[in-house]
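This report refers to the structure that appears directly beneath it.
What follows is calculated from the coordinates using simple rules that are stated; it is not laboratory data. Computed from a predicted model, the values in this text were never measured in an experiment. Reconstructed Cβ throughout: ideal geometry from the backbone, glycine too, with neighbour counts over all protein chains shown.
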Amino acid sequence: MAREFSLTDDEQPVFVLHPHWKVLARPVLIAVLVLAVALVGEALIPSGSGAATERLVVAAVAILVLMLWLIVPVLRWRLTTYELTTKRLRMRAGIVTRHGRDIPLTRINDVSFSKGPLDRLLGCGRLVVESAGEHGQIVLTEIPHVERVQATLFQLVEEEQRRLEREQRHQP
């Protein structure tokens with residue numbers, strides 16, 4: 001993995017995740033429905049002098065709806081990242097404007113997860129990170145392999161706390 005410019009010298013990436021693909025299920029189903037309606041609309045247009053124009057309008061409307069209901073969610077999914085490094089948990093999101101949040105591992109108090117029945121089948125879930133500070137609790141939804149992420153995050157928090165304790169003991 002290429003080293004990102006915003007990581008510190010002693011920081012290594014552990015996980016880089018996008019939300020689970022299940023967030024794309026509804027937009028894909030709507031896209032299939034729009035395509036089916038457009039094809040039926042095309043077939044129902046009677047042949048005649050204005051048929052070509054009517055078919056073009058139906059196709060243009062279908063393409064516009066597909067763009068709104070498919071491309072935007074795909075971009076949102078692709079551009080949302082959760083990165084776990086050896087020093088912090090980083091979240092980045094946004095299509096046109098980007099926003100992000102970094103939580104140092106030393107500020108994390110508790111990490112838990114929950115999975116519903118569908119989440120268990122698909123291998124994803126909700127990660128809840130309790131941190132010291134003004135924002136308190138962060139809930140990350142649709143996290144793939146949430147149990148593994150939770151366990152790894154908990155382990156990294158413990159290791160970082162032990163490292164800081166060792167450093168404090170060795171300072172005069």
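Using Cβ point charges alone (K and R +1, D and E -1), the dipole size of the chain about the Cα centre works out to roughly 200 debye.
Residues in the range 83-93 carry Karplus couplings, in order, of 10, 10, 10, 6, 10, 7, 9, 10, 10, 9, 7 Hz; the curve used is 6.51 cos²θ - 1.76 cosθ + 1.60 with θ = phi - 60°, and Gly or Pro positions show x. For H20, the residues 5 or more places off, or on other chains, whose built amide H falls under 5 Å of its own are I143.
For the range 70-124, the residue among I108, W77, T97 whose Cα projects farthest onto the positive side of the dipole built from Cβ charges is T97.
Counting Lys and Arg as +1 and Asp and Glu as -1 over every other residue whose Cβ lies under 9 Å from the Cβ of M91, the net charge comes to +1.
Based on Cα contacts under 8 Å between residues 6+ apart, the chain shows a relative contact order of 21 percent. Could you tell me the distance between the Cα centroids of the range 1-79 and the range 108-172, to the nearest Å? Here the two parts' Cα centres lie 32 Å apart.
Which value results for Rg/Rh of the chain when Rg is the Cα radius of gyration and Rh the Kirkwood radius based on the inverse mean 1/r? Show your work: numbers first, answer last.
Details: Rg = 23.1 Å, Rh = 19.3 Å.
On the Cα set of the chain, Rg over Rh gives 1.20.
Counting charges near H145 (Lys, Arg +1; Asp, Glu -1) among other residues having Cβ under 14 Å from its Cβ returns a value of +2.
For L89, nonlocal amide neighbours, meaning residues 5 or more places apart or on other chains whose placed amide H falls under 5 Å from its own, are I103, L105. Each of L44, L164, L127 has some number of other Cβ atoms within 10 Å of its Cβ, and from fewest to most they run L44, L164, L127.
How would you rank 45-57, 68-80, highest first, on the average number of other Cβ atoms within 10 Å across their residues? Can you show the working numbers first?
Working: 45-57: 10.7, 68-80: 14.9.
The most tightly packed comes first, giving 68-80, 45-57.
Our coupling estimate for the range 48-64, obtained by passing each phi through the Karplus curve with A = 6.51, B = -1.76, C = 1.60 and θ = phi - 60°, is x, 5, x, 5, 5, 5, 4, 5, 5, 5, 4, 5, 5, 5, 4, 5, 4 Hz, Gly and Pro reported as x. Shown for V23, V157: other C-beta atoms within 10 Å of each C-beta, ranked fewest to most, produce the order V23, V157.
Using θ = phi - 60° in the Karplus curve 6.51 cos²θ - 1.76 cosθ + 1.60, the 3J(HN,Hα) couplings for the range 155-168 round to 4, 5, 4, 4, 4, 5, 5, 5, 4, 5, 5, 4, 4, 5 Hz; x is entered for Gly and Pro.
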